[in-house]
Amino acid sequence: MPASLPPLPPVAARRPHVTEIHGETRVDDYHWLRHRDDPEVLAYLEAENAYTQAMMAPSRRLQGTLYREMLGRIKQTDMGVPVREGGWLYYSRTVAGRQYAIHCRRPGSMHAPEQVLLDGNRLARGRKFFALGAFEPSPDGRLLAFSTDFTGYREYTLRVKNLDSGRLLPLEVPRARSVAWSADGGTLFYVTEDDTKRASRLWRQPLDALGPELLFEEMDARFSVSVELSRSRGFVFIHSHSATTSEVRFLPANRPSGVPVLALPRRQDHEYYLDHHGGHFYVVTNDRGRNFRLVRAPVERFEETLWEEVVPHREAVMLEGLDLFARHYVLHERRDGFPRLAVVRFADGERHEIGFPEPAYTVYAGANPEFDTDILRFGYESFVTPEAVYDYHMDTRARTLLKQQEVLGGYDPGQYESVLTSATAADGTAVPVSLVWRRDRRGDGPAPLLLSGYGAYGFPEMVTFSAARLSLLDRGVVFALAHVRGGGEMGKRWHDKGRMAHKMNTFTDFIACAEHLVDGGWTEPQRLVAEGGSAGGLLMGAVSNLRPDLFRAVVMEVPFVDVLNTMLDETLPLTTGEFEEWGNPKLPRDYARMRAWSPYDNLGARRYPLMLVETSLNDSQVMYWEPAKYVAKLRALKTDANPLLLRVNMDAGHGGASGRYDFLREIAFTWAFVLGAVGITG
């Protein structure tokens with residue numbers, strides 16, 4: 001019998017949508033895919049899913065193997081490290097076979113009876129998606145403010161639960177974002193978002209009153225609002241911030257009915273953030289340099305003329321954040337591409353850094369709700385070290401390991417090796433690349449290699465452990481992270497050199513990293529796969545246009561690829577607030593710059609790598625139609641026969657499946673594509 005023919009991909013209808021801007025006539029043949037309520041659109045997406053499943057059918061056994069491997073490394077019934085807050089110990093736990101965490105507490109001791117606060121499995125019953133947003137116990141422990149999303153659109157509804165009676169209060173707030181309590185727990189502050197998902201309004205709700213009061217509204221569409229209670233419980237801070245500018249108001253937490261005070265009026269490109277300790281506000285500010293400094297000023301007279309410098313601006317050190325405790329403060333710094341924690345004692349100014357054993361790692365503050373403590377909780381991990389949670393005594397410098405992620409199945413970190421190297425960009429800039437592999441599975445020649453990147457918003461790519469990634473490493477795949485400009489690895493200037501007029505650096509940096517790995521014998525183009533999600537998906541789209549010959553395959557997850565069309569539509573979520581990251585295409589100069597690299601606008605009649613493009617129907621950050629339009633247009637233009645696959649999760653949002661088992665199946669699918677692309681089928 002003749003062999004069966006391969007499945008044919010769906011072909012999207014071409015329906016020209018014509019617009020004009022800056023003298024250019026723009027024709028978008030696939031604009032119609034924006035209409036998600038159109039049955040034809042949904043039918044097209046389902047056809048793409050069917051085609052992808054048919055093309056991936058030969059890998060189903062491998063997908064199952066990968067899923068079982070990843071599941072076998074997880075301790076399915078487990079408990080997180082308890083966090084003391086007030087007289088309670090709060091923690092979450094998981095149960096084998098259940099998708100979601102159960103959130104609990106015990107009074108005083110873990111030997112006391114357990115109180116279940118929220119069971120994600122019960123909340124998610126009968127639903128295809130569930131996510132928990134806010135989770136804020138009141139300072140007196142009587143109430144819990146929490147929010148939930150059941151679609152993946154990240155549209156959370158806020159509720160308040162009486163933890164004594166177990167009953168929900170009548171308050172129900174749609175489109176809620178950040179929340180904060182007053183010092184006595186009698187008033188709840190919360191922020192709501194507008195139709196573009198911009199957090200714009202702050203409300204005050206005394207729980208003994210009938211309705212909320214609008215306390216503050218941010219009118220500038222570039223700015224979003226957030227609210228928080230200081231660890232000292234002295235003040236409620238109201239932050240209004242854009243990508244480059246911020247402004248803070250404060251309100252005594254024990255006088256929640258008062259009028260918020262503006263700390264310092266906004267100035268373009270001035271970012272500052274407040275915290276409270278005793279009679280002073282501590283301010284992280286970039287008024288003297290892009291990498292920020294630390295100053296303090298009296299609470300009673302918060303004036304710039306009274307600012308006293310505590311930590312100066314440093315060209316080589318980025319001050320990323322600050323934690324204030326009763327007797328110490330902790331500086332979150334970034335130097336030479338990696339995070340550092342520096343502890344300073346208030347009494348005498350004694351400073352020391354917490355040391356870590358590996359050259360490439362990630363460290364971050366854990367849950368530290370208590371103010372009057374000498375203990376700092378932090379998390380530590382690397383490519384080869386599973387996540388570990390420590391309590392660190394800030395005076396004695398003793399650290400206690402509370403819990404390390406268990407990797408079942410006999411994981412031995414000594415079998416794996418990690419190094420940090422660097423590529424040279426076109427302008428001579430050294431671009432770091434972190435790599436990890438399994439020692440006994442890497443031969444002498446070029447290896448299959450998965451190169452990941454992001455490069456946006458000043459977010460650094462974190463060197464973290466992944467139990468799921470072991471399924472690649474154990475099959476001989478090298479994993480690499482390209483720390484390209486646009487991220488925050490080297491401070492604010494690293495971000496500045498990869499945004500706005502300098503955005504092309506992000507893409508050429510990634511290409512330089514790939515060429516460095518090829519030239520260094522790590523891999524070769526036929527064994528090199530590139531991967532990135534969201535803004536990293538934009539990176540993938542750009543490098544696929546610039547150097548399609550350099551990669552065997554590309555994985556694009558929820559990719560931001562239709563940049564110009566999205567940024568020209570200010571009714572869409574996140575658009576206006578990102579003018580300071582990408583540019584405003586309504587301005588001719590910005591339009592020309594963005595036109596040069598926007599992936600959708602630069603697709604052409606050329607050969608492209610194998611591609612897997614993944615999206616979700618309910619994504620609120622990168623609308624599903626961006627990757628759908630991209631695939632439709634690319635399929636019509638490209639000159640090769642390489643598979644181009646679109647996978648649409650019809651029940652999730654930007655982060656993919658919400659249940660932990662469902663999420664592992666998604667990873668298994670993606671890993672099967674990556675392995676198949678480099679010829680590994682088992």
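The values are calculated or read from the model by the stated rules, or taken from the named source; none is laboratory data. Predicted, not measured: the structure shown is a model, and the values here were computed from it. As a convention, Cβ positions derive from the backbone with ideal geometry for all residues, glycine included, and neighbour counts pool all protein chains shown. All accessible areas refer to the heavy atoms of the entire protein, side chains included, with ligands and DNA or RNA removed. Shrake-Rupley method; radii C 1.70, N 1.55, O 1.52, S 1.80 Å.
Key figures
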| read-out | value |
| --- | --- |
| Members of region 172-192 that are under 30 Å from the mean Cα position of the chain (by Cα) and open to solvent by 40 Å² or more (accessible area, probe 1.4 Å) | Glu172, Pro174, Arg175, Arg177 |
| Unique match (being open to solvent by 10 Å² or more (accessible area, probe 1.4 Å), closer than 30 Å to Leu675 by Cα and free of Cβ contacts under 8 Å to residues at least 12 places away in the same chain) among Asp549, Asp519 | Asp519 |
| Counted residues, region 152-171 - those being closer than 24 Å to Gly656 by Cα and open to solvent by 60 Å² or more (accessible area, probe 1.4 Å) | 3 |
| Some residue of region 326-340 being at pLDDT below 95, within 30 Å of Met79 (Cα to Cα) and buried (at least 19 other Cβ atoms within 10 Å of the Cβ) | yes |
| Residues that are open to solvent by less than 50 Å² (accessible area, probe 1.4 Å) and in a strand (DSSP E or B), drawn from region 250-266 | Phe250, Leu251, Pro252 |
| Which listed residue is open to solvent by 60 Å² or more (accessible area, probe 1.4 Å), modelled with pLDDT of 95 or more and among the acidic types (Asp, Glu), from Asp440, Asp412, Asp444 | Asp412 |
| Elements of type strands (runs of 3 or more DSSP E) in region 368-442, at least 3 residues being closer than 22 Å to Gly520 by Cβ and touching a residue at least 40 places away in the same chain (Cβ under 8 Å) | 416-424, 430-438 |
| Residue match in region 424-431 (condition: open to solvent by less than 80 Å² (accessible area, probe 1.4 Å), among the acidic types (Asp, Glu) and more than 26 Å from the chain's Cα centre (by Cα)) | no |
| Failed item in (1) in a strand (DSSP E or B); (2) surrounded by 20 or more Cβ atoms within 10 Å (Cβ to Cβ), with Glu309 passing the rest | (2) |
| From Asp287, Asp269, Asp275, residue being in contact with a Leu (Cβ under 9 Å, 6 or more places away or on another chain) and either open to solvent by 10 Å² or more (accessible area, probe 1.4 Å) or of a type in the set (Lys, Arg) (or both) | Asp275 |
| Residue within region 234-241 that is at pLDDT 95 or above and surrounded by fewer than 18 Cβ atoms within 10 Å (Cβ to Cβ) present | no |
| Given (1) open to solvent by less than 60 Å² (accessible area, probe 1.4 Å); (2) more than 30 Å from Asp119 (Cα to Cα), number of the condition Val18 does not satisfy | (1) |
| All positions within region 33-50 that are assigned to a helix (DSSP H, G or I) and open to solvent by 20 Å² or more (accessible area, probe 1.4 Å) | Arg34, Pro39, Glu40, Leu42, Ala43, Glu46, Ala47, Asn49, Ala50 |
| Residues located in region 161-176, provided they are among the small types (Gly, Ala, Ser) and within 23 Å of Arg198 (Cβ to Cβ) | Ala176 |
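Okay, residues lined up against (1) touching an Asp or Glu at 6+ places or on another chain (Cβ under 9 Å); (2) more than 25 Å from Tyr273 (Cβ to Cβ); (3) in contact (Cβ under 8 Å) with a residue 40 or more places away in the chain:
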site	(1), (2), (3)
Leu163	no, yes, yes
Leu168	no, yes, no
Glu172	no, yes, no
Asp208	no, yes, no
Gly211	no, yes, no
Asp220	no, no, no
Phe223	yes, no, yes
Arg231	yes, no, yes
Gly234	no, no, yes
